[in-house]
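Below is one structure, written out as structure tokens; comments come after it.
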Amino acid sequence: MSTSTSHSPSLAPDRAAAPVRTAVPRHYGRYIYLAINTAILVFLLAPIAVVVVFALNPTPFIQFPPVGVSLRWFEKFFASRDFMQALGFSLEVAVLTTVSATVLGASAALALARGNLPGTRLIVATMLSPLMLPAILTGLALFQTYVLLDVGRPTWGLVAGHTLVTLPYVVRTTLAVLHNFDTRLEEAAQNLGASPLRTFFEVTLPLIKPGVLAGAIFAFIVSFDQFPVSLFLVSPGNETLPVTLFNYLKFDLDGTIGAASVVSIVLAFVVVIGLDRTVGLRSYVKL
Amino acid sequence: MSASIEIAGVSKVYDGGVRAVDAVAMDIRQGEFFSLLGPSGCGKTTTLRMIAGFEIPSAGAIRVDGADITHVPAHKRDMGMVFQNYALFPHRTVAENVAFGLRMRGLDKASIATKVKAALAMVELSGLEDRRPTQLSGGQQQRVALARAIVIAPRVLLCDEPLGALDKKLRQQMQFELKQLQKKLGLTLVFVTHDQEEALAMSDRIAVMNGGRVEQVGTPAEIYNQPTTRFVADFIGDTNIFRGERTTTSAGGPALDVGKGLILALPASIETQGTGVLSVALRPEKIRLSPADGTAASARGVVENTNFLGGAVLYRITLGGGHRVLVQQPNAGTDRLFVPGNGVTLDWTPADLVVLKD
Amino acid sequence: MMKALGSSRLNRRRFLTASASLGIGTIAAPYVARADDPTLRITGWGGKWGEVMKAEIGPAFESEFKCKLQTDSAFPYLPKLQASSRSAPIYDVLHTNSNEQWAAAEMGLVEPKIDPKLVPNLADVYPYAISDKIVGVSIFTSAIGLGMRTDKGYSGVTSWKELWDAKYNGVRGGYVIPVNSLGQAFLMMCGTLFGKGQLDLDAAYAALEKLKPIKIVDFTGAMEKMLLSGEVGLCVIHDSGIYRYDGQNQPTDFVSPSEGVLSLEQVLTITPGSKMKELANAYVNYMLRPEVQKRLAETVWYSPANRKVKLDPKYDAKLLTTPEKVSKLIQVDWKWYNERKDEIDQRVNRIFRA
């Protein structure tokens, strides 16, 4: 407190003088800054633009420039029972995965940050290890495990596989907020009469929510777009959208793929916006 | 209703054998402003946290109004606490922060509102109910923390260096206000600080801690005037400490030979026939300074350094034998000021020497 | 699952499985068939083939044989089969291309031959369908030849060798050989065209080297689209990949080269560990029935293996439906190829990466 007040007067003139002194280079700097950012945006958005063009172009193959605008691929996509089933199934799996990964991941992160467990670093490394392993191997290993256990390829098995690869995101983002968490806030709550459980819901959870939520969004998107893990774990008649798209691709490479991609992008976007609106992601991100 | 606290032989040993608190025993009376004073790492905060229930003692017991609460969980202890850096809930408004403890006690909305309003009025924060803690100044946050702790009418108010983050002016004002509030509410208040001036100014009694142990418990005057240990004498205020062999004066009274030709007459209360090594403390303001030609003299020396403090002047003086002594005199005017190089005589009464335990 | 609970075949094991699934609530899986259920687990293509199988041919089989057909149309079949237990394989009947069948047979995952006594329709198939180049039985074949644009003035293409003509530089199409059967078959053809025969790899590599510049794709479907969009003018392709656009007035045509066409067989095999052997043989036999063959052939433009199939004139004119036409088929020695696949992959990767 006292140090900051004594330092700020000496800093203030520096800040005020800065724009004047650096006026010329800053002018260039701004253009370079804008150019770099534009380049990054173009790089990020170009594939999406290509997909959208592909989806709207009426010819059954990628053609540039596009010959027109048509919704025929969207019609085909929405009229296809296979695609609709796959879309529904993907959403179901993504929601279940998000719930399980978030609950397990956030609990694990809390235990790791607070539990005073022996070998915490080893446990964290283990938790994050699915990210290191090629997901296709995770899928194959799970598939073999299920075969050995003779449980077939149930939906919960697929959700478990997705949970495995999404858990690291939740653990990581939750650990990050817990790292900066002032445990005295919890002590303050307990001192004021809140039981440990009450403390968790009144203080801990609201404060780690940004991290948990960020992890949950990652989990949803990673699960919804998951291909390698699903490849082995989907069962006949219950295929996720990415797997269905991949199989479709082998026989038909038309705009339906583009339409499906556009729908996926929009859905992912809707989920993020929805979470933002309902649980107020935005207000917490500022914290 | 405020309570008394009895800390009976409490120790805290952490994993790895660090003994943070070592057999601490003290009684905190009802309605008393009691400070735990000591340098960082002395165990004062750990002791406070054991009272609050955030740490479980490794040995000993803590009793509140005679009831053993050693293993009662923190949320059932009914104690208010003001944390260092306040620990205000950042996701809640000022009013919600203050209301938190009342909500946990299941009060109805109307009485919560009334009590919150009263508490905020008491700390002069009316009108800031809907602000977030981050939108407040340090002093305001401190008041919110205080309001949040006292609104639940705790049996004991615990304060962990609550004023440490404030600048000096504000700290002094808050010291005054906290003291007023404590008196007005008749609160039993346990106050942790490393600032001896703060402790002396505010406390009814002080426990000086060092290395996990209690060195001395007493009123500010007792702690200052009759420090019982070398650590307390050294830690509280400036002091001159002499260490030497027991001997007798030419008159046959008890004395201490501190070497380099200096023999200090000890207070008459000390038995004459004693041997061994002893330390004594002599506060700088207990020494009277006069020009070198003065008659009455306990010792003679030369001013080495003059430190003008405003209301007083602090001199560093080298005695004839080589001992260095701090002397503080009231500011009696420019013409009575000694400057480095001046020869001076020093004079004190043996009764002002305080015998210390090592 | 509810159906399973209601059925009279409810046994203890199944009941336990069902209850366990129910206990998990909404995460409960659709009931996965077990070996002792009358469920035949097969693989099958998606696309048009999958549609007709799902809508007509599959249900007809199910009602005739009082069983359930569970079709996995999600690739990759072979690794899944490989990962499952030999004694309880996840498929009873494996339907895939010949090269993959050979790989499966080498690993002992499928039975090398189908017993003609158990599959009577085997007596009616063309010799190629059960030749020594085939594991199990080929129920259909496509002809790999050349696909060309008809609107670019490329007239009179009759030979494979014309693909090497410099006028196709920039519009020549081929495949990523390590991952595409057509590409692999074509490599063997190169040996025949420019060397001592299919097995003359050195001649093939030299020929491939001279084929550059060439546009290569991994999926056959992608080649169809490139031909349709005009990105490619002359390419290696299978006849069904051209004929399926019949009636759409596309400026593309299939060329059956004078040196012969390569066969791209649709092969069925039975897994040795299958607990549904009887049903599996019945399925293979069923797929070779003239009416089933006709329906599928006319849906996806595959040439039927059964000699007795009479296709409608439109199809009969283009597909390999007579012994003479069938004699033009060149079969690839996949066993030989698979044994050298790694070495070939490395070599062609080097050729096309450069």
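Arrange the following residues from fewest to most other Cβ atoms within 10 Å of their Cβ: B:Phe308, A:Phe251.
B:Phe308, A:Phe251
List the residues of segment C:72-86 whose backbone N lies under 19 Å from a point placed 7 Å from the Cα of C:Glu62 along the Cα-to-Cβ direction.
The answer is C:72-74.
Just how large is the dipole of chain B about the Cα centre, in debye to the nearest 20, putting +1 at every Lys and Arg Cβ and -1 at every Asp and Glu Cβ?
So the dipole magnitude of chain B works out to roughly 880 debye.
Once amide H atoms are placed 1.01 Å from N in the peptide plane, what residues at a sequence separation of 5 or more from B:Ile287, or on another chain, have their amide H within under 5 Å of its amide H?
HN-HN under 5 Å from B:Ile287: B:Gln328.
Sort A:Met127, C:Met287 so that the residue with the fewest other Cβ atoms within 10 Å of its own Cβ comes first and the one with the most comes last.
A:Met127, C:Met287
Taking 8 Å as the Cα distance limit and 6 or more residues as the minimum spacing, I'd like the relative contact order of chain A as a percentage.
Contact order relative to length: 28 percent.
For the pair A:His179 and A:Ile36, what calculated FRET efficiency results from E = 1/(1 + (r/R0)^6), where r is the Cβ-Cβ distance and R0 = 25 Å, to the nearest 0.05?
0.25
Of all the stretches in chain B, which is the longest one without any exposed loop site, taking GluC sites (Glu not before Pro) in a DSSP loop (any state but H, G, I, E, B) with at most 15 other Cβ atoms within 10 Å?
Looking at chain B, B:125-270 is the longest stretch - no exposed GluC sites (Glu not before Pro) with at most 15 other Cβ atoms within 10 Å.
Taking springs between alpha-carbon atoms closer than 10 angstrom, which of A:Gly152, A:Gly119, A:Gly88 fluctuates most in the Gaussian network model of chain A?
With Cα springs under 10 Å in chain A, the top fluctuation among A:Gly152, A:Gly119, A:Gly88 is at A:Gly119.
Hey, can you grab everything whose amide H is under 5 Å from the amide H of C:Leu40? Only 5+ residues off in sequence or another chain; H modelled, so Pro and N-termini drop out.
C:Lys68, C:Leu69, C:Gln70
Treating only the Cβ of Lys, Arg, Asp and Glu as charged (+1, +1, -1, -1), what charge dipole size does the protein assembly as shown show about its Cα centre? Round to the nearest 20 debye.
Dipole of the protein assembly as shown, to the nearest 20 debye: 900 debye.
Per the Kirkwood treatment, what hydrodynamic radius in Å, one decimal, follows for chain B from the mean inverse distance over all distinct Cα pairs?
Result for chain B stands at 23.1 Å.
Provide C:Arg244, B:Arg131 in ascending order of the number of other Cβ atoms located within 10 Å of each residue's Cβ, fewest first.
Going from sparsest to densest Cβ surroundings: B:Arg131, C:Arg244.
Straight distance only, please: which lysines reach the Cα of B:Lys12 with their own Cα at less than 17 Å, same-chain residues fewer than 8 apart left out?
Result set, ordered by chain and number: B:Lys44.
If the cut-off is a Cα-Cα distance under 20 Å, which aspartates and glutamates reach C:Lys341, setting aside same-chain residues fewer than 8 apart in sequence?
Qualifying aspartates and glutamates at Cα under 20 Å: C:Glu100, C:Glu106, C:Asp132, C:Asp200, C:Asp202, C:Glu209, C:Asp218, C:Glu265, C:Asp333.
With charges only on Cβ, +1 for K and R and -1 for D and E, what is the dipole size of chain C about its Cα centre, in debye, rounded to 20?
The dipole of chain C has a size of about 720 debye.
Which of C:Tyr315, C:Leu69, B:Gln173 sits closest to the plus end of the dipole of the protein assembly as shown, meaning its Cα is farthest towards the positive end, when Lys and Arg get +1 and Asp and Glu get -1 on the C-beta?
The residue sitting most towards the positive pole is C:Tyr315.
Using a Cα-Cα cut-off of under 17 Å, which lysines could be cross-linked to A:Lys209, ignoring same-chain neighbours fewer than 8 residues away?
Output for A:Lys209: A:Lys286.
As I understand it, the dipole of chain B uses +1 on the Cβ of Lys and Arg and -1 on the Cβ of Asp and Glu, about the Cα centre. Which of B:Trp348, B:Leu146, B:Val208 lies farthest toward its positive end?
Checked the options; the winner is B:Leu146.
Which of C:Tyr302, C:Phe254, C:Ile270 sits closest to the plus end of the dipole of chain C, meaning its Cα is farthest towards the positive end, when Lys and Arg get +1 and Asp and Glu get -1 on the C-beta?
C:Ile270
Of C:Lys117/C:Lys294; B:Lys76/B:Lys115; C:Lys133/C:Lys277; C:Lys161/C:Lys328; C:Lys133/C:Lys225; C:Lys152/C:Lys212, which ones are farther than 26 Å apart at the Cα?
C:Lys133/C:Lys225
Please work out the Cα center distance from segment C:151-225 to segment B:145-209, rounded to the nearest Å.
First find each Cα centre; the distance between them is then 90 Å.
Among the trypsin sites (Lys or Arg not before Pro) in segment C:83-159, which ones are in a DSSP loop with at most 11 other Cβ atoms within 10 Å of the Cβ? Mind listing them?
Filter output for segment C:83-159: C:Lys117.
Where both partners of a DSSP beta bridge lie in the protein assembly as shown, what percent of those bridges are antiparallel, to the nearest 5?
Of those bridges, close to 75 percent are antiparallel.
Restricting to Cα pairs below 8 Å that are 6+ residues apart, what does the relative contact order work out to for chain B? Please round to a whole percent.
Relative contact order, chain B: 16 percent.
The numbers here are math on the coordinates, done by the rules we state, and not lab data. Being a predicted model, the structure only gives us computed values, none of them experimental. Don't worry about glycine lacking a Cβ; one is built from the backbone with ideal geometry, like all the others, and counts go over all protein chains shown.
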